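Notes to accompany the following structure.
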Amino acid sequence: MPPTTISDLGAAQDPAQPTGRPRTSPRILLLGGGSLGLYAAKRLRRRLAHREASLVVVDPRPYMTYAPFLPEAAAGSIDARYVVAPFHKALKGVSTLQGKVSEIRHAERRVQVTPVVGEPYWVTYDHLIVGLGSVARTLPIPGLAEEGIGFKHVEEAISLRNHVLGRIDLASSTWDPELRRRLLTFTFVGGGFAGIEALGEVEDMARYAVRVHPGMRTEDLRFVLVEGSPRVLPEVSEELGGYTIEQLRKRGIEVHLSTFLDSCVGGHVKLSNGTEFESDTIVWTAGVKANPVLSNSDLPLDAQGRVRTNAALQVVTEDGVVVPDAYAGGDCAAVPDLVSPGQFCPPNAQHAIRQGTHLGENLARVLRSADVRDYSHKNVGAVASLGTYKGVAQMLGRFKVRGFLAWVLHRTYHVFAMPTLDRKLKIMAGWTATLLFRREVVALGSVMQDPRHEFLAAAVPETPAAAKTVQDAAAAAAAGTPAPGVDRPAKRPAAKRAAAPKRAKSGNATGRAPSAASPASTRTS
Ligand SMILES: Cc1cc2nc3c(=O)[nH]c(=O)nc-3n(C[C@H](O)[C@H](O)[C@H](O)COP(=O)(O)OP(=O)(O)OC[C@H]3O[C@@H](n4cnc5c(N)ncnc54)[C@H](O)[C@@H]3O)c2cc1C
């Protein structure tokens, strides 16, 4: 069946029912509802009445993620639900289509959307805004695709938290020292902002979890940072980068600079400096690249796969000729940085949010026949948390702050940048509650079971044949295929790999509570 074409707004809300009615107002289609898309849509809605333009956001997620808070979400300092801004709250008066853009045909003013469920369909538009962001920049390192965990989305932050806490639980229940060491070895690859903050926050949480865990010691934990360049946090001065390394080392974190991950097949990590160890957790935060779906478009791209724009955020050809009705910004666009001539704006939220607002303003001006304005933003600084009460910050390029004050700056800056008032208030309430009642370090969903297994066992009558059906169903669930006699296969949980230790070498890493004679309890006695 050929993909459906949606050409009016009513149909956009009901993709299955296309109609050929002509639009009464221009449609602005926003690809991606992230930092750029959300702020562009908000500004456009504020500037333009419904009769002046209809707005449609396409995104596979029904929310925008405020990524700078992901490390705190992974550490449980912020409830993961509050680091996202749901479109139904943040984007009043804007239609949304949940699905992935799979092709862009700007010459024909149409975009193909592949919904999570159902057939792909086409959406037509009059003006296009591209804010498709970036994806993890990976390398063909043996074992990375199988073992690595990304850190760009809230789902990954939740999964990492459960994974780490689950490993601590499992380690406390095993008698095998090698397995225990492997379970408690956490490797982070990439020393940029995302990697350092994720490492700092997660280590802080793990340290706390181990302290409150009967029979565990903080010395049992091994956190390893691998960074290819000779320094970390390139966004701040060398001095602050050096201070960061010093702080991490003081906490017992192993830092390998000018070192690359060579291989991690089966969790056996090999570094370019000859170091080798077993690690059950490999977090990959070594940079990003523009969303690869852009290569399936007729928009002009640069050598790095980013959409070319001018300083007014209009899409331009290689020769600088404006492509009519197309705008782009954020991580997926090469936007000239007027503050640093000859360079492009770095991929960060500071720029993406401001570009979104600026882009919305420019497009509203175009629709009212006014001139567009160039985007220019001088970096206000960089703030990074290294865990509770610890941080580094460099403000206005000159003022260097470290420790508690930097951490306060980090939280203050980001909570004000977080979209929607209720999110800001809920995050602050959460911080206050943690201060009063300490943090929660319970792993949810980390038990070595399919969450549907128990229900399935209860739902299928207990006969030998039925028991086999349950086993078949469980096996089918693991393989992702339907089992005979069961209507729907039990779904593999998203965090499945987080749920069970791979290659458990002894039969005692079962997740059951350690007996009084378990090594964990013996060690402390
Ligand atoms: C862990 C982490 C920490 C960070 N910390 C900071 C920080 O402290 N300060 C800072 O300034 N920046 C930080 N950043 C970077 C910042 O978050 C990004 O630069 C910023 O979000 C980019 O905005 P964007 O709109 O271009 O992309 P995004 O915000 O990523 O939005 C892209 C959107 O496109 C959607 N999308 C993807 N593919 C498709 C598709 N095929 N079809 C439709 N929609 C699609 C996504 O679901 C998403 O909603 C951090 C990033 C990470 C990952």
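The values are calculated or read from the model by the stated rules, or taken from the named source; none is laboratory data. None of the values given here were measured: they were computed from a predicted structure. Glycine gets a Cβ as well: all are built from the backbone with ideal geometry, and neighbour counts include every protein chain shown.
Just give me the residues in the stretch 201-232 being of a type in the set (A, V, I, L, M), modelled with pLDDT of 90 or more and not in a helix (DSSP H, G or I), in sequence order.
Result: Leu221, Val224, Leu225, Val226, Val232.
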**Report entry** Phe186 being touching a strand residue (DSSP E or B) at 6+ places or on another chain (Cβ under 7 Å), crowded, with 23+ Cβ neighbours inside 10 Å and assigned to a loop (DSSP other than H, G, I, E, B)
**Finding:** no
Query raised in the report: Considering Lys152, Lys92, which residue is in contact (Cβ under 8 Å) with a residue 12 or more places away in the chain and exposed (fewer than 15 other Cβ atoms within 10 Å of the Cβ)?
Result: Lys92
Report task. Answer yes or no: is there a residue in the stretch 244-256 that is surrounded by fewer than 18 Cβ atoms within 10 Å (Cβ to Cβ), under 26 Å from the mean Cα position of the chain (by Cα) and outside any loop (DSSP other than H, G, I, E, B). Result -> yes
Query raised in the report: If you check Gly192, Gly166, which single one turns out to be closer than 17 Å to Val232 by Cβ, small (Gly, Ala, Ser) and within 23 Å of the chain's Cα centre (by Cα)?
Result: Gly192
Requested in this report: Go through (1) modelled with pLDDT of 95 or more; (2) touching a helix residue (DSSP H, G or I) at 6+ places or on another chain (Cβ under 9 Å) and name the single condition Gly76 misses.
Outcome: (1)
Report task. Go through the stretch 161-202 and give me each residue that's away from the ligand (no atom under 16 Å from the Cβ) and of a type in the set (Lys, Arg). Result -> Arg167, Arg180, Arg181, Arg182
Query raised in the report: Restricting the stretch 382-413 to residues that are more than 12 Å from the ligand (Cβ to nearest atom) and of a type in the set (Val, Ile, Thr), which is nearest to Asn348 (Cα to Cα)?
Result: Thr412
Report task. For residues that are closer than 22 Å to Asp325 by Cβ and either near the ligand (Cβ under 6 Å from one of its atoms) or of a type in the set (S, T, N, Q) (or both), tally how many sit in the stretch 27-36. Result -> 5
**Report entry** So Gly320, is it outside the structural domain of Ile104 (by TED's automatic domain parsing), on the phi > 0 side of the Ramachandran plot and not aromatic (Phe, Trp, Tyr)
**Finding:** no
Query - Per-region count, the stretch 325-340, residues over 18 Å from Val288 (Cα atoms) and either touching a strand residue (DSSP E or B) at 6+ places or on another chain (Cβ under 8 Å) or within 7 Å of the ligand (Cβ to nearest atom) (or both) - result: 5
Requested in this report: Sort out which residues of the stretch 341-376 are away from the ligand (no atom under 15 Å from the Cβ) and either under 25 Å from Arg137 (Cα atoms) or under 23 Å from the mean Cα position of the chain (by Cα) (or both), and write them in order of number.
Outcome: Gly342, Gln343
Query raised in the report: Do any helices (runs of 4 or more DSSP H) lying entirely in the stretch 414-490 carry at least 1 residues that are at pLDDT below 70, and which ones are they?
Result: 464-479
Report summary line: Note: among Leu48, Leu44, just one is out of contact with any Cys (no Cβ under 7 Å at 6 or more places or on another chain), crowded, with 24+ Cβ neighbours inside 10 Å and not assigned by TED's automatic domain parsing to the domain that holds Thr388, namely Leu44
Query raised in the report: Residues of the stretch 274-301 being more than 25 Å from Phe193 (Cα to Cα) and assigned to a loop (DSSP other than H, G, I, E, B), which ones?
Result: Gly274, Asp298, Leu299, Pro300
Query raised in the report: Going by the conditions given, is Val380 modelled with pLDDT under 95, hydrophobic (A, V, I, L, M, F, W, C) and under 30 Å from Arg207 (Cα atoms)?
Result: no
Requested in this report: Identify, by number, the condition in (1) within 15 Å of the ligand (Cβ to nearest atom); (2) free of Cβ contacts under 8 Å to residues at least 12 places away in the same chain that Glu246 doesn't meet.
Outcome: (1)
Query raised in the report: Which condition number in (1) more than 24 Å from the chain's Cα centre (by Cα); (2) surrounded by fewer than 16 Cβ atoms within 10 Å (Cβ to Cβ); (3) in the same structural domain as Pro341 (by TED's automatic domain parsing) is the one that Asn296 fails?
Result: (1)
Query raised in the report: What pairs can you find where one residue is in the stretch 31-52 and touching a residue at least 12 places away in the same chain (Cβ under 8 Å), the other is among the polar types (S, T, N, Q) and away from the ligand (no atom under 11 Å from the Cβ), and their Cβ atoms are less than 7 Å apart, with a gap of 6+ or different chains?
Result: Tyr39/Thr357; Arg43/Thr357; Arg51/Ser25; Glu52/Ser25
Query - Selection status of Leu313, farther than 28 Å from Val339 by Cβ, buried (at least 16 other Cβ atoms within 10 Å of the Cβ) and modelled with pLDDT of 95 or more - result: no
Query - Search result, residues across the stretch 170-183 that are out of contact with any Leu (no Cβ under 9 Å at 6 or more places or on another chain), surrounded by 21 or more Cβ atoms within 10 Å (Cβ to Cβ) and assigned to a helix (DSSP H, G or I) - result: Arg182
